[in-house]
Each structure stands twice: as C-alpha cells, then as structure tokens.
Amino acid sequence: MRPRPTLPARSRGDMPRILVADDDVVVQSLIDTILVAEGFRVVPAAFGRDALRLAQTSPLALVIVDQRLPDVDGLDLARRIRALVSHPILMLSAQMDESLMRLAHEAGVTACLGKPFRPAQLRQQVIALIGGAAAPAGSSDATP
Amino acid sequence: MDQKTTLLVRGVLEQHYDTIVSRIRSVDSALRLLADGALDPAVRENALVEAHRLAGTLAIFEIGDAEALFTSSEQVLQEVPQDEAGARVPALRGQIQTFLRQLSEAAGQSRDGERT
C-alpha cells in the first residue's frame, strides 16, 4: 500500500487556506471535513461574487471552484480569479470531459477533478497542487 | 476509504441526511409526476438540479450505485417523453426507494458508531 501524501506539521496560523466555491452545502461540508482533517483551513463561498471577493482579500494557497455556481459560470469565475492571483485553481465538475478540461485550462485552471470524487483523490490533488507538483489541467483525473 | 475517512464522511452524511433525503424525494416526486403526465416545468427544472447534485455527490458515501441511479433519473427527467416515461419510471422509483432504505441504514450506523 502506498503511503498517504501528507503536509509538514504546521501551527494553526500557518495552515494553508483553501477557498472552496460551491453552492451545494453537502459538497461544501464534505470538502471541509476532508481537508480540515488534513490540516488545511477552508474558506467557503456559495456564490461566485463571494469567491471573487475572498480571492482578492484573503491569503490563499488554493482555490477550488465548482463548474456550476448560481450566479456565474465556473469557467468565467476561474478566468476572473486567474486575472487577479497566481495561486493554483482546481475545478470540480460532474460533467468533466476532455472538452471541459481544455476550456478550463484556457481559463487558467491548474487541475480538474470529476464529481463524484473520492476523499483520497481530493486529498492527493490538493496536496500536489499546494506542494507545487500540479499536473496541467488536461492531464488531471476526470474519471473518479 | 480508511477507517478515519469513513467515519468523517459518515458524519457528513448524518449531518446532511435530511437535506439529502429531501433532494431524493423531490427527484422521486418529479418522476411520478412525469409518469402521470403532470410534471410542471418548474418542478422538472428543480428536480434536474437535485438529480445532478445527487449524482455528483452521493457516490462519496459508498452506498449502492448512487451515481448511476441519479444520472439515470436526470436523463429520464431531461429526455424521456411522458408517453415513454410510464415504462421506465416505475423501475427507477423502485431503485430510489431501495437507495433510501440503504441511506437510512448507513446514517443509522453512523449514529450507532458515534455512541459506541
């Protein structure tokens, strides 16, 4: 069995902050639970406008964006966030395919993850992205 | 999933159990209305959103084949005309009822696990 990827031990103030833009409370809760258990701090946003504001004002290590948000298309949100900041962007979608991954890459998305994902897939992807070992969007896992 | 992750994920299931069941019931209700020829466009739209969410979420709880079930529900609500729905909806609704029972059992196990 391969060892699980882990982050170095940090004090609470040093915990990497991850913005999660998803309007589904169940998904938000799942991501929060999985990532907090790994030592991350999660900043939730249910709307694109909130995510955009938080991306500008909060020190973040990563942004996770769902493709479908109530007030904005996830690709458009990723494009706007990419114009503001350089940190990695992970896009989630239940309709992940080659075409969407190409569009996501063009919008500045660093990696993609199809829904439904497994906790280990999310964990590995996030640690890879924050550790600077991100795969380009076109080569990420779209078939959980 | 390792045991720690399983417990964490089941905790989320318990926390959001009512929301999930409400979503499933809205999909089930829309399917029934479709088969009866009485599905309102707004109800269909809401059920499509819920079926899409369920298909993209429930597999993480590892209960039955939720992704296939709610992807099928989404497709039927989206594409199947009312005169054909009568043949497909009963089986789908039966699978939804089975899934609801499995979900209830899984949430119950989670509560039992917290007490022990």
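Structure notes:
- Exercise: per-residue mean of other protein chain Cβ atoms within 10 Å, B:50-59: 5
- For A:Asp22, net neighbour charge (Lys/Arg +1, Asp/Glu -1) across residues whose Cβ lies under 12 Å away: -2
- Summary value for chain B: 33 percent relative contact order, contacts being C-alpha pairs under 8 angstrom separated by 6+ residues.
- Cβ neighbours within 10 Å from other chains - mean over A:53-63: 0
- Residue-wise HN-Hα couplings along region B:78-91, as the Karplus relation 6.51 cos²θ - 1.76 cosθ + 1.60 with θ = phi - 60° gives them from phi, are 7, 10, 8, x, 4, 6, 9, 5, x, 7, 9, 5, x, 5 Hz; Gly and Pro carry x.
- Most simply put, the protein assembly as shown has about 5% antiparallel DSSP beta bridges, counting only bridges with both residues inside it.
- For A:Met96, the residues whose modelled amide H falls within less than 5 Å of its own, excluding neighbours fewer than 5 places apart on the same chain, are A:Lys115.
- Helical runs (DSSP H, four residues minimum) scored at -39500 (n - 2.57) apiece and divided by the length of chain B put the mean residue ellipticity at 222 nm at -29000 deg cm²/dmol.
- Per residue of peptide A:27-35, the mean number of Cβ atoms on other chains within 10 Å of the residue Cβ is 4.
- Protection proxy ranking, peptides A:114-121, A:68-75, B:76-83, average beta carbon neighbours within 10 Å, highest first: A:114-121, A:68-75, B:76-83
- A straight chain from A:Thr57 to A:Gln124 at 0.36 nm per residue would run longer than the Cα-Cα distance by 21.5 nm.
- Think of region A:40-120 as a dipole: +1 on every Lys or Arg Cβ, -1 on every Asp or Glu Cβ, centred on the Cα centre; then among A:Phe40, A:Leu90, A:Ala78, A:Phe40 lies furthest on the positive end.
- Karplus (6.51, -1.76, 1.60) ³J(HN,Hα), θ = phi - 60°, over region A:63-69, in Hz, Gly and Pro reported as x: 10, 10, 10, 7, 5, 10, 10
Since every read-out is calculated from the coordinates, none of them should be taken as a lab result. Everything numeric in this text was worked out from a predicted model, so none of it was measured. Using ideal geometry, Cβ is built from the backbone for each residue, glycine included, and neighbour counts are taken over all protein chains shown.
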